[in-house]
1. Given the structure, is residue 102 within 17 Å of residue 27 (Cα to Cα) and surrounded by 13 or more Cβ atoms within 10 Å (Cβ to Cβ)?
2. When the range 5-40 is examined, which residues are found to be more than 11 Å from the chain's Cα centre (by Cα) and not small (Gly, Ala, Ser)?
3. Within the range 94-120, how many residues are under 30 Å from residue 10 (Cβ atoms) and in a helix (DSSP H, G or I)?
4. Test residue 63 against the criterion of being at negative phi, touching a strand residue (DSSP E or B) at 6+ places or on another chain (Cβ under 9 Å) and assigned to a loop (DSSP other than H, G, I, E, B), and give yes or no.
5. Six or more apart or on different chains, Cβ under 7 Å: which pairs go from a residue in the range 48-75 that's free of Cβ contacts under 8 Å to residues at least 60 places away in the same chain to one that's buried (at least 21 other Cβ atoms within 10 Å of the Cβ) and not in a strand (DSSP E or B)? Could you list them?
6. Among the residues of the range 24-57, write down those that are over 20 Å from residue 118 (Cβ atoms) and outside any loop (DSSP other than H, G, I, E, B).
7. Out of the residues in the range 71-97 that are acidic (Asp, Glu) and modelled with pLDDT of 95 or more, which is farthest from residue 35 (Cα to Cα)?
8. Filter the range 20-48 down to residues that are hydrophobic (A, V, I, L, M, F, W, C) and open to solvent by less than 10 Å² (accessible area, probe 1.4 Å), then give me how many there are.
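The values are calculated or read from the model by the stated rules, or taken from the named source; none is laboratory data. It should be emphasised that the depicted structure is a prediction, and the values quoted were computed from it without experimental measurement. For neighbour counting, all protein chains shown are included, and Cβ atoms are generated from backbone atoms with ideal geometry for every residue, glycine included. Surface areas here come from the heavy atoms of the whole protein model, side chains and all, with no ligands, DNA or RNA. Shrake-Rupley method; radii C 1.70, N 1.55, O 1.52, S 1.80 Å.
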Amino acid sequence: VQLQASGGGLVQAGGSLNLSCAASVRALSTYSVGWFRQAQGKEREFVAATRGFGGNTAYADSVKGRFTCSRDNAKNTVYLQMNSLKFEDTAVYYCAAEAGVLFSPQSSRYTYWGRGTQVTVSS
């Protein structure tokens, strides 16, 4: 399984970005996909996840109401729409996948990881 995150960039505070995670799998619908981020000098943290076999979503408290995780199984792609971005959202964003209904905020539970995409929010 290969994952490719894209869509990062430089945006002003209050702006929006839409990240994509393209997966080279036969049926993305059977995988749970998580988004994580790592700011410079900090540990990787959970952002959002979408459950396999259902698409339920979960979010970190810090992004609830601002970020939306969705999936297009036909395109084998998961999205992270980020609105009302704040300076503290600046980080490298990663997507990760695990077969089944894992749906976990713990990064160690995901087997497959893509390269990150940089998101920089200017204040």
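1. Spelling it out, residue 102 is indeed within 17 Å of residue 27 (Cα to Cα) and surrounded by 13 or more Cβ atoms within 10 Å (Cβ to Cβ).
2. Within the range 5-40, 10, 11, 12, 17, 25, 26, 28, 30, 31, 38, 40 meet the criteria.
3. Total meeting the criteria: 1.
4. Values: at negative phi: yes; touching a strand residue (DSSP E or B) at 6+ places or on another chain (Cβ under 9 Å): yes; assigned to a loop (DSSP other than H, G, I, E, B): yes.
So residue 63 passes the test.
5. Every condition considered, the pairs that remain are 48/63; 71/28; 73/28.
6. The initial filter retains those residues of the range 24-57 that are over 20 Å from residue 118 (Cβ atoms), namely 24-32, 49-57.
Those that are over 20 Å from residue 118 (Cβ atoms) and outside any loop (DSSP other than H, G, I, E, B): 28, 29, 30, 31, 32, 49, 50, 57.
7. Filtering the range 71-97 down to residues acidic (Asp, Glu) leaves 72, 88-89.
With the extra rule that they be modelled with pLDDT of 95 or more, the set shrinks to 88-89.
Working: 88: 16, 89: 13 Å.
For the range 71-97, the residue satisfying everything is 88.
8. Let us first name the residues in the range 20-48 that are hydrophobic (A, V, I, L, M, F, W, C), namely 21-23, 25, 27-28, 33, 35-36, 39, 46-48.
With the extra rule that they be open to solvent by less than 10 Å² (accessible area, probe 1.4 Å), the set shrinks to 21, 28, 33, 35-36, 47-48.
The total comes to 7.
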